[in-house]
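Below: one structure, written as structure tokens.
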Amino acid sequence: MKALSRSELERSLREGVRPLYLLLGSEVYLRRVASQAITEAALSRTLLREFNESAFSLLSDPVQSAIAAAEQLPMMSDMRVVRIRDFAKLRDADEEVLIRYLNNPAPSTVMIFIADDLDKRKKSTKVLLDVCTVVEFPPLKDAEAKTWSKTRLKELKITADDQVLSEIIRLVGTDVQTLSNELDKLASAAANTGRITPELVDELIGRSRELSNFELGDHLMAGNRKRALETLHRLLEDGAEPVMLVGLIAGNYHRLALGKHLLARGGRDEVFRNISLPPFKRDSYISTLQRSSAEKIARGIQLTAATDLAIKTSQATPRLQLEMLVCELAS
């Protein structure tokens, strides 16, 4: 089934809900918003919502429990909603149980499957992709993050010019949860004036974002393991969240992949029409693109995705996972 965009999902929900959804991709915040929108559409006429809404994690719950909930009739409602996440923990022995349900879903249940990625080797993955309404949530590009930020600030009744928004995204990255937190913080500080200034961005976002976006990334791409670990430890000691740092590292590699493509297609000007960077970083960024192979960038994306999953599924400590990631990326 062809994957829907976020806007296509909104239009689809106005026409009615479908029995099976797969929300796929690493952009957690927008994925969560979509899950809430599907749930609201399904349960809009439900008074006893708490009896008709269930969530399961395959980290701790067997898939049979989720399916049993899905097969229950709604209580004083037309529909019920069941959400399932953490597909990496689906046992091979349980695949057939899930596939049987997918091929014959309960007509009064909306089941929402939520995953960062799927194991393409599993039989259940093919069935999910075939029978579900798939909505993809890849990391946002800089321009998309800026558009989202403008909408968010409008909701907060705060203004910021394009240059300030570009600076925020440059420092924070394009992870929407992180962006949302930082914009809320900036908006609160700008409540009296109604405007976010460059000085306010510099004061509140601070040096840790600079280090995350530039210094740590530079050391990783240069293969300087010692300096990369020193920078990582300083960021962690300053209170940076491990998941945020993984997101920032992933964002760097995704921008490198985009930059590599743009450089080959249209040269330097094409790169900086699509990727916001301060003038003093542009020469070094182009040099990094030129000396970085597509294979190395792809490997960086794969490693950060694996680390993100390992942290979220509690495989060793977040700090150890980050240290292992930095050592591998800087090798």
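The values are calculated or read from the model by the stated rules, or taken from the named source; none is laboratory data. Nothing here was measured: the structure is a model prediction, and the numbers come from that model. With ideal geometry, Cβ positions are generated from the backbone for all residues, glycine too; neighbour counts draw on all protein chains shown. Surface accessibility is based on the protein's heavy atoms, side chains included, excluding ligands, DNA and RNA. Shrake-Rupley method; radii C 1.70, N 1.55, O 1.52, S 1.80 Å.
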message: Take the conditions part of a helix (DSSP H, G or I) and open to solvent by 60 Å² or more (accessible area, probe 1.4 Å) and apply them to LYS185. Does it pass?
response: yes
statement: Residue set ARG282, ARG268; condition over 19 Å from the mean Cα position of the chain (by Cα), modelled with pLDDT under 80, closer than 21 Å to GLN163 by Cβ and open to solvent by 40 Å² or more (accessible area, probe 1.4 Å); output residue ARG282
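For the stretch 1-101, please list each of the strands (runs of 3 or more DSSP E) lying entirely inside it that holds at least 1 residues being open to solvent by 50 Å² or more (accessible area, probe 1.4 Å) and either of a type outside the set (D, E, K, R) or out of contact with any Lys or Arg (no Cβ under 8 Å at 6 or more places or on another chain) (or both).
On the way: elements: 20-24, 53-57, 80-85.
Passing ranges, in order: 53-57, 80-85.
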- prompt: Does the stretch 1-38 hold any residues that are at pLDDT below 90 and either among the polar types (S, T, N, Q) or touching a Cys at 6+ places or on another chain (Cβ under 6 Å) (or both), and which are they?
  reply: SER5, SER7, SER26
task: Would you check if GLU199 is open to solvent by 30 Å² or more (accessible area, probe 1.4 Å) and under 30 Å from SER292 (Cβ atoms)?
output: no
query: Across the stretch 253-299, what is the total count of residues that are among the aliphatic types (A, V, I, L, M), under 20 Å from ASP175 (Cβ atoms) and in contact with a Gly (Cβ under 7 Å, 6 or more places away or on another chain)?
result: 1
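From the set of residues in the stretch 286-331 that are of a type in the set (Lys, Arg) and over 24 Å from GLU237 (Cβ atoms), which is surrounded by the fewest Cβ atoms within 10 Å (Cβ to Cβ)? Outline the logic, then answer.
Going through the stretch 286-331, the residues of a type in the set (Lys, Arg) turn out to be 291, 296, 299, 312, 319.
Restricting the remaining residues to those that are over 24 Å from GLU237 (Cβ atoms) gives 291, 296, 299.
Numbers: ARG291: 10, LYS296: 14, ARG299: 15.
Ranking the qualifying residues of the stretch 286-331, first place goes to ARG291.
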- request: Evaluate the stretch 242-260: report whether one residue or more is charged (D, E, K, R), open to solvent by less than 40 Å² (accessible area, probe 1.4 Å) and part of a helix (DSSP H, G or I).
  value: yes
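LEU229 - would you say it is exposed (fewer than 14 other Cβ atoms within 10 Å of the Cβ), of a type outside the set (Gly, Ala, Ser), over 18 Å from GLU27 (Cβ atoms) and modelled with pLDDT of 80 or more?
It is false that LEU229 is exposed (fewer than 14 other Cβ atoms within 10 Å of the Cβ), of a type outside the set (Gly, Ala, Ser), over 18 Å from GLU27 (Cβ atoms) and modelled with pLDDT of 80 or more.
Residue check: is LYS157 more than 20 Å from the chain's Cα centre (by Cα), open to solvent by 40 Å² or more (accessible area, probe 1.4 Å) and on the phi > 0 side of the Ramachandran plot?
Numbers: more than 20 Å from the chain's Cα centre (by Cα): yes; open to solvent by 40 Å² or more (accessible area, probe 1.4 Å): yes; on the phi > 0 side of the Ramachandran plot: yes.
For LYS157, the condition - more than 20 Å from the chain's Cα centre (by Cα), open to solvent by 40 Å² or more (accessible area, probe 1.4 Å) and on the phi > 0 side of the Ramachandran plot - is met.
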statement: Of the residues in the stretch 123-165, those that are in a helix (DSSP H, G or I), in contact (Cβ under 8 Å) with a residue 60 or more places away in the chain and over 30 Å from THR197 (Cβ atoms) number 4
query: Hey, among ALA93, ALA115, which residue is of a type in the set (Gly, Ala, Ser), over 21 Å from ARG195 (Cα atoms) and in contact (Cβ under 8 Å) with a residue 12 or more places away in the chain?
result: ALA115
message: From the list SER292, SER331, exactly one residue is hydroxyl-bearing (Ser, Thr, Tyr), touching a Leu at 6+ places or on another chain (Cβ under 7 Å) and touching a residue at least 60 places away in the same chain (Cβ under 8 Å). Which is it?
response: SER292
task: Read through the list (1) under 24 Å from LEU303 (Cα atoms); (2) charged (D, E, K, R); (3) touching a residue at least 40 places away in the same chain (Cβ under 8 Å), then give the number of the only condition that LYS120 fails.
output: (3)
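When you check GLY223 against the structure, is it at pLDDT 80 or above, among the small types (Gly, Ala, Ser) and surrounded by 19 or more Cβ atoms within 10 Å (Cβ to Cβ), yes or no? Step through it out loud before you land on a result.
On the way: at pLDDT 80 or above: yes; among the small types (Gly, Ala, Ser): yes; surrounded by 19 or more Cβ atoms within 10 Å (Cβ to Cβ): no.
For GLY223, the condition - at pLDDT 80 or above, among the small types (Gly, Ala, Ser) and surrounded by 19 or more Cβ atoms within 10 Å (Cβ to Cβ) - is not met.
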